[in-house]
Amino acid sequence: MLGEIGIEFPSKQKEEIDFDRLKKQIANKVLPLLIKTQIEEKEIPSYQKFALEYFKYLAMLNKPGMKMVTEKWQRAGLKLHIISGIKKTINSVLRGEIKRIESKKPLPTEKQEKMAIGFTRYRIKIERIEAEVHKILCDLAVQSALGGFTLYKDFARECYRVLKRYYGKDSLEQKLIEIIRRWVKEGLKEDVLLKVKDVTIKVFEGK
């Protein structure tokens, strides 16, 4: 779950979260996001249903359920880049709520230092990956219109999460192949994705 929302979620903390209020926050944030993507009005309710279903499983820390909901709505025709945007919105709302609760309780100095070091290392890696990906996209003259650059960088961040979880395991290559296939279906170019994957691995390995 750390990979999903980027913060710890102990059960005691969960009891303090007003999930009904968060549902309203999510609904208020997701609708403008959908309008901005300029999808057809008739498609909006499906994305809204996905948002609430995904949040339900996230609130239960049910990772298989989150994956199931995502795959179900993808099969129903929802676009992956919009789904990704909704997930980010939901995670942002939940992170904000958790941080609000945590701010009431002072953390031990040692834990604060570890969190700060971990976040700093993560940001350094992600910023370097995004810079390298940006250079690749410019060199290949990839169109930046319609969020093209953003989508490739989203793909790179997903690669990074997969590397963190599966690096050194036999299943790593298959997991990377799976996410490449998903993004190809969204209209991204496979040859560009492979270059982005390679540079993400290079930065992850510290080369």
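Values quoted throughout were computed directly from the atomic coordinates according to the rules given, and no laboratory measurement underlies them. Everything numeric in this text was worked out from a predicted model, so none of it was measured. Cβ placement follows ideal geometry from the backbone for every residue including glycine, while neighbour counts extend to all protein chains displayed.
Observations on the model:
- Hydrophobic, long helices, defined as DSSP H runs whose alpha-carbon span along the helix axis is 15 Å or greater and whose mean Kyte-Doolittle value is at least -0.5, occur in the chain at 19-36, 44-59, 80-102, 172-185, 190-204.
- Of the residues Ala59, Ile136, Val69, the one whose Cα sits farthest toward the positive end of the charge dipole of the chain, with +1 on the Cβ of Lys and Arg and -1 on the Cβ of Asp and Glu, is Ala59.
- About the centre of its Cα atoms, the chain shows a dipole size close to 340 debye [charges on the beta carbon of Lys, Arg (+1) and Asp, Glu (-1) only; nearest 20 debye].
- Calculated FRET value between Lys185 and Ser92, using beta carbons and R₀ = 41 Å, to 0.05: 0.95
- Theoretical FRET efficiency, 1/(1+(r/R0)^6), r = Cβ-Cβ of Asn62 and Lys36, R0 35 Å, to 0.05: 0.75
- Placing unit charges on the Cβ atoms of the charged side chains and taking the dipole of the chain about its Cα centre, the candidate lying farthest along the positive direction among Val184, Gln38, Gln48 is Gln48.
- Across q = 0.18 Å⁻¹, the chain modelled as identical point scatterers on its alpha-carbon atoms has Debye log10 I(q)/I(0) values of -1.45, in the order of the q list.
- Helical runs (DSSP H, four residues minimum) scored at -39500 (n - 2.57) apiece and divided by the length of the chain put the mean residue ellipticity at 222 nm at -25000 deg cm²/dmol.
- Projected label distance in nm at Thr120 and Ser171, using a 7 Å step from Cα toward the beta-carbon: 3.4
- Spacing of the two label points (7 Å from each Cα toward its C-beta) at Asp18 and Arg100, in nm: 0.7
- For segment 109-204, the direction-averaged projected area of the alpha-carbon convex hull comes to 6.8 nm².
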